[in-house]
Amino acid sequence: MTSSIEISLFNPKLTYTAGDVLRGQVILQARQDENIGSVAITFYGRSKTKLVRSNGENRTVFRGRAGLFSFTKTLYSGGHYTVRADEYKWDFEFTIPSSNDMSCHGDKFKSRGGFRPSTEQHPLPPSFHRYGYDARNQGMVEYKLAAVMVRHTKVSKLESALDIPYLPPDPVPKPDLGLISSEQHYQARTLKLLPDKQKLTFREKLHTFFGGDVPHATFRIRLIYPTVTWTGRALPFQLAIVAMDTSQDIPEYPVVLLTGMTVKIRTRILFRASSWRIETNGQLNEEHTLQNVSHMLGPIPYAKIDKTEPGQPTGTGRIIGLPEPGKYLDLSQFRSGGFRTPNMTPSFRTMNIVVMHHMKVKLQFNCAGKKFSMEHVDSLLVHSPPTGPMPVAQTAAATATHSQGNPPELPVYSQDVPKGTKILEAGAPAAPPQYAAGSSSGGNPKS
């Protein structure tokens, strides 16, 4: 049997955030006498990309590497010893930072096309993975613990790595939905606006198209939508007629019917990388359809009506809260459970990866037989989902192992070290607590 080195965390989580403390042990399972030169563990974060470009016979691979931070702790050093077959443990502890270390940026990048420059300090992005998703454009943001034991011979070494899934902390103060209103005006010109003209003769249809005194209704529709959200958050969409002006021969306001609705979230992922000082960009597009219906949904209600210049939008822009219930049509009622943000990557920017989202809303409606549409696209800032208390995953999935052989099944470790456990800590005596009578060279171990 061959030896292995493992990383085990006390009380592992499904996800981690800034300020969390990673406590655990590096465990050497020595299946035979081992030559220990040094044992170290590194906690690092990085953003990397791989873009493949080809034209016929030529194929170029562009890579981008942006280090976010890197901390290394030496758990054992000071001599080369041959230890007996046994289990050895070293404690470690790291605190997850909230922002990048500018001295650990890797490739040098300038600020261009939405990407951050290498010289800018910024919040750590969430864990992200798009490797293998598209052979031409790939990228990832990863956070890892990596342990290594270097042998006395330095010919081979034992290594182990453990992924640390990261989500940025909850924004403080809690962000609002960033509600925005958008307005468009429309005009319906038809004899059908009159109560007794719901069915037109051929002559009346010609009069509608070419006559100058056709009844008309000019109205303005307002859409209220969010620009900030997070995974699982309900998305409010409100619709109402906020201005109406009609010709004098129309006795009452006409009914405007909502006849179709499409709501989508589009994600745009940008990559950049370089090769021999030549920089190239790549892009991936993803789409989540929240609603897509094309049938009669119901009448659009009238909010407070303004008869002055209904063709001039006046209420477009940021608003503070949703309108009074009943004054607007709540579009979420047409989807079971309402509109909720799907599980998606939060918005972020690094030196070589950008993830951005946009909300697209398309509405169709009908007024007196005339068809109209309203289409609006705006940016959507997606935060990480609220962290809150996470369940403790006390499973082997929280322990990473890489060895030259097949290591045994790992036990579940608690914060309390079991009695009799052997622990080698930084600052401990140079010699491990147990070692063979002779060193690898056949002499006595160094003291």
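The values are calculated or read from the model by the stated rules, or taken from the named source; none is laboratory data. On a predicted model such as this, the values are computed, not experimentally measured, just so you know. All Cβ positions, even for glycine, are placed from backbone atoms using ideal geometry, and neighbour counts span all protein chains on display.
Residues that are more than 19 Å from Leu145 (Cβ to Cβ) and among the small types (Gly, Ala, Ser) number at least 1 in the following strands (runs of 3 or more DSSP E) confined to the range 10-96: 34-55, 58-76. Number of residues in the range 157-194 that are part of a loop (DSSP other than H, G, I, E, B) and over 30 Å from Tyr16 (Cβ atoms) equals 3. The residues in the range 29-60 that are within 17 Å of Ile353 (Cβ to Cβ) and either of a type in the set (A, V, I, L, M, F, W, C) or loosely packed, with under 15 Cβ neighbours inside 10 Å (or both) can be counted, and the count is 2. Please enumerate the residues belonging to the range 365-404 that are modelled with pLDDT under 75 and either assigned to a loop (DSSP other than H, G, I, E, B) or of a type in the set (Phe, Trp, Tyr) (or both). Hits for the range 365-404 are Pro386, Thr387, Gly388, Pro389, Met390, Pro391, Ala393, Gln394, Thr395, Thr399, Gln404.
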